[in-house]
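Working notes, structure below.
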Amino acid sequence: MQALQQYIDLYRAQREVIDHHSAEVLNVLRSEALRWVETCGLPTTRHEDFHHTDIEALYAPDYGLNITRIELPSQPHEAFRCDVPNLSTQLYFLVGDNFYRNERNRELPEGVLIGSLRDMAIDYPELVSRYYGKIADMSKDGTVALNTLMTQDGFFLYVPRHVVLDRPIQLVNIIGGNVPMMHNRRILVVAEEGANVKLLVCDHSEENGIDQLVTQVTEIWAGEGAVVDYYNLEENATSVKRVTSTFVHQEAASNVLVNGITLRNGVTRDNYYIALDGEGCETQLCGMAIADGEKSVDVYSHIDHRKAHCNSNELFKFVLDENAVGSFAGRILVREGSQKTEAYQSNKNLCASPTAHMYTKPQLEIYADDVKCSHGATVGQLDQQALFYMRTRGIAESEARLLLQFAFMSDVIENVRLDALKDRLRQLVEKRFRGELSQCQHCTIRTHK
Amino acid sequence: MLRIEDLHANINGKEILKGINLTVRPGEVHAIMGPNGSGKSTLSAVLTGNPAYEVTKGEVEFYGKDLLSLSPEDRSHEGLFLSFQYPVEIPGVSMVNFMRAAINELRKYRGEEPMSATDFLKLMREKRAIVELDNKLASRSVNEGFSGGEKKRNEIFQMAMLEPRLSILDETDSGLDIDALRIVAEGVNKLKSDNNATIVITHYQRLLDYIAPDYVHVLYKGRIVKSGGPELALELEEKGYDWIKKELGEI
């Protein structure tokens, strides 16, 4: 409770300032959020689903919060030139948890809204309030409620009925600074009936040894027949702690792909809650983590089959080296009446060193009797036969290991539905395994000092 | 080129090779025959440096170098090649990337620049033809979903790419039908020259109908118990291994 109390105290003392620098639509949820924060508290390692990440410890330090929304001097679009080849995106930035406008973006199709969650909530309060806080469930754990309590801005993406956005949208989160800060950001994606959108969210931060805590709550609404791709790529410094929760609501016949990739990080806890709430939904939830040193990546997922004739396919892979710790807990719930559900889950992991640890917990909970469901989890080492085979062809052991680890991740990359991003990911993953700095070649992230 | 002297080797503490002596010179083809469990595959594994085996005694000289002190990759760079009895499937690693890595590591060892993409693809095409390996297989993952025959052809394709000085063919005939056997054997014969040598490990005479050996050795219980010319293989085919056992006074 100690860790949490400082935020409650801060909120009570600064409530007006927080509200003043945010928007009414966000502010109205704060009282309820406070109740949930006080009821749930932060999860501890005694909680069944939090054995492997000490959330309280992540929240305990005395972080600064930028509640007066001081605009930190920064030109992110000058500094950040993402060179994903052929991936021409509409580019937006969050620096810390402040939205930065990018004036260079091309004109958007009519009715499409992209920008600061706060600004949009002020300009379109009815629209934003229809979805904001409606998809995320604050009772899940205290971190979601706390994010709702403290968040003041974030990213809003709205695609109206039957509008197809050809160009992927890219949101780059830049974390930095010379004092320990907490960043509470919020992402809201609404794809109305028949809409089609791809969003790539990248986390970047500079390696400067200063502790940063990032909390991110993402809400995704996929209307009937909508197609949504959501990629979240984490390339954070080892001093960054990140707690994210992604909530997806799917209407009938919608198709959602969620792919969470952690290439570099400090401590990461990612939660995915996906509700298939109409018939004929398709869900592809996948992700990968590559971790070494003392890094930790903890993934929790909950796929809720509420209606009949839906398919979900889940695939997570971890490659752990040195003293890294990985954890995967995946629950698939097939509710009564959700007949003809097909739900598959697979979690495969490589431990490349004797001191790396992987915990995996697949769970299926089925209350319908005409379904196809399966789960599989493996933890293993590199195939020694394959390694030897490659070495007899003259491939050095280190290179052979790299090729095998890279190959291990290939099916997660294959699930990416953006060819340019797929190519880019191959390069990033290979660079990561080679121990090279896995960031865009021309990307010189400089955040203000 | 190769001189094996009193080679002893263990796996999991069990002695499999109990004093092998063998000399191979450029241009020669040696056949090593013997019943199951006699140590044939162990010999190929030890020569190529499989870490599962422990050499307890003896030495192996390859072109004047102490072979046993080299890593498996450097043995390859020095010109040693093993065609596996059971080629390993490597899901996710394409044949193209696999071969490119192998070729470029070899070039690096020789102090040469990496091969250009065009030259590399040209080389692939050229060598593929030797064993009639389909282009589709070359773009797939290494050995994944290959039939038994395709796997063996793929081994000889790799041999063609790497141009080794000494090739060990470990039961390359096993699991092959007559057509595949002919293709594989013809591939091996095309690659033969006065500067390279081949060790053919096999149970049966039938492969030796295609790849004519200069010398035939019988390996039994970890030792070469009999050596001779090509006629020895025919004699074995006729009389069976019991004949050897009888000669050794075991039966």
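So that you can scan it fast, the table gives a plain yes or no per residue for (1) more than 21 Å from the chain's Cα centre (by Cα); (2) within 23 Å of A:Glu224 (Cβ to Cβ):
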position	(1), (2)
A:Ala121	yes, no
A:Pro125	yes, no
A:Ser129	yes, yes
A:Thr143	no, no
A:Leu157	no, yes
A:His162	yes, yes
A:Asp166	yes, yes
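Restricted to region A:183-210, and to residues that are in a loop (DSSP other than H, G, I, E, B) and modelled with pLDDT of 95 or more, which residue is nearest to A:Met138 (Cα to Cα)?
Going through the qualifying residues, I end up with A:Glu192.
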Among residues of region B:48-107, those that are assigned to a strand (DSSP E or B) and under 24 Å from B:Lys18 (Cβ atoms), counted: 13
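Out of all the residues in region B:72-82, which are at the interface with another protein chain (Cβ under 7 Å from one of its Cβ atoms) and either in contact (Cβ under 8 Å) with a residue 40 or more places away in the chain or not charged (D, E, K, R) (or both)?
Matches in region B:72-82: B:Pro72, B:Ser76, B:His77, B:Leu82.
In region A:28-50, what residues are assigned to a helix (DSSP H, G or I) and surrounded by 16 or more Cβ atoms within 10 Å (Cβ to Cβ)?
A:Arg30, A:Ala33, A:Leu34, A:Trp36, A:Val37, A:Cys40, A:Asp49, A:Phe50 - these are the residues of region A:28-50 that are assigned to a helix (DSSP H, G or I) and surrounded by 16 or more Cβ atoms within 10 Å (Cβ to Cβ).
Output yes when any residue across region B:93-115 is more than 14 Å from every other protein chain (Cβ to nearest Cβ) and either on the phi < 0 side of the Ramachandran plot or surrounded by fewer than 17 Cβ atoms within 10 Å (Cβ to Cβ) (or both), and no when none is.
yes
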Lone qualifier among B:Glu61, B:Glu54 - being out of contact with any Lys or Arg (no Cβ under 6 Å at 6 or more places or on another chain), within 26 Å of A:Ala396 (Cα to Cα) and surrounded by fewer than 19 Cβ atoms within 10 Å (Cβ to Cβ): B:Glu54
Lone unmet requirement of (1) surrounded by fewer than 17 Cβ atoms within 10 Å (Cβ to Cβ); (2) closer than 30 Å to B:Tyr53 by Cα; (3) touching a residue at least 60 places away in the same chain (Cβ under 8 Å) for A:Gln384: (3)
Residue match in region A:226-244 (condition: touching a Cys at 6+ places or on another chain (Cβ under 8 Å), farther than 25 Å from A:Thr378 by Cβ and touching a residue at least 24 places away in the same chain (Cβ under 8 Å)): yes
Any hit, region A:122-142, residues being closer than 25 Å to A:Gln212 by Cβ, part of a helix (DSSP H, G or I) and at pLDDT 85 or above: yes
Failed item in (1) in contact with a Cys (Cβ under 8 Å, 6 or more places away or on another chain); (2) under 13 Å from A:His375 (Cβ atoms), with A:Phe328 passing the rest: (1)
Tally, over region A:211-229, of residues that are assigned to a loop (DSSP other than H, G, I, E, B) and either of a type in the set (Asp, Glu) or farther than 18 Å from A:Arg161 by Cα (or both): 2
Candidate set: region B:187-230, residues that are of a type in the set (Phe, Trp, Tyr) and more than 23 Å from B:Leu133 (Cβ to Cβ); chosen: the one modelled with the highest pLDDT: B:Tyr215
Region B:46-61 residues that are more than 14 Å from every other protein chain (Cβ to nearest Cβ) and farther than 22 Å from A:Gln384 by Cα, paired with ones that are among the acidic types (Asp, Glu) and surrounded by 14 or more Cβ atoms within 10 Å (Cβ to Cβ) (beta carbon under 7 Å, 6 or more apart): B:Gly58/B:Glu5; B:Glu59/B:Glu5
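For every residue, the table says whether it meets (1) more than 15 Å from A:Asn173 (Cα to Cα); (2) aliphatic (A, V, I, L, M); (3) outside any loop (DSSP other than H, G, I, E, B).
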| site | (1), (2), (3) |
| --- | --- |
| A:Leu233 | no, yes, yes |
| A:Thr238 | yes, no, no |
| A:Val258 | yes, yes, yes |
| A:Asp270 | yes, no, yes |
| A:Glu279 | yes, no, no |
Failed item in (1) buried (at least 17 other Cβ atoms within 10 Å of the Cβ); (2) without any contact (Cβ under 8 Å) to a residue 60 or more places away in the chain; (3) more than 26 Å from A:Arg426 (Cβ to Cβ); (4) away from chain A (no Cβ under 11 Å), with B:Gln85 passing the rest: (2)
Of all residues making up region B:139-164, the number that are away from chain A (no Cβ under 13 Å) and either surrounded by fewer than 22 Cβ atoms within 10 Å (Cβ to Cβ) or under 21 Å from A:Leu403 (Cβ atoms) (or both): 7
Boolean, B:Ser44 is hydroxyl-bearing (Ser, Thr, Tyr), modelled with pLDDT of 95 or more, surrounded by 15 or more Cβ atoms within 10 Å (Cβ to Cβ) and touching a Gly at 6+ places or on another chain (Cβ under 9 Å): no
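The values are calculated or read from the model by the stated rules, or taken from the named source; none is laboratory data. Small disclaimer: the values here were computed from a predicted structure and weren't measured. A quick note on method: Cβ atoms are made from the backbone with ideal geometry, for glycine too, and the neighbour counts reach across all protein chains shown.
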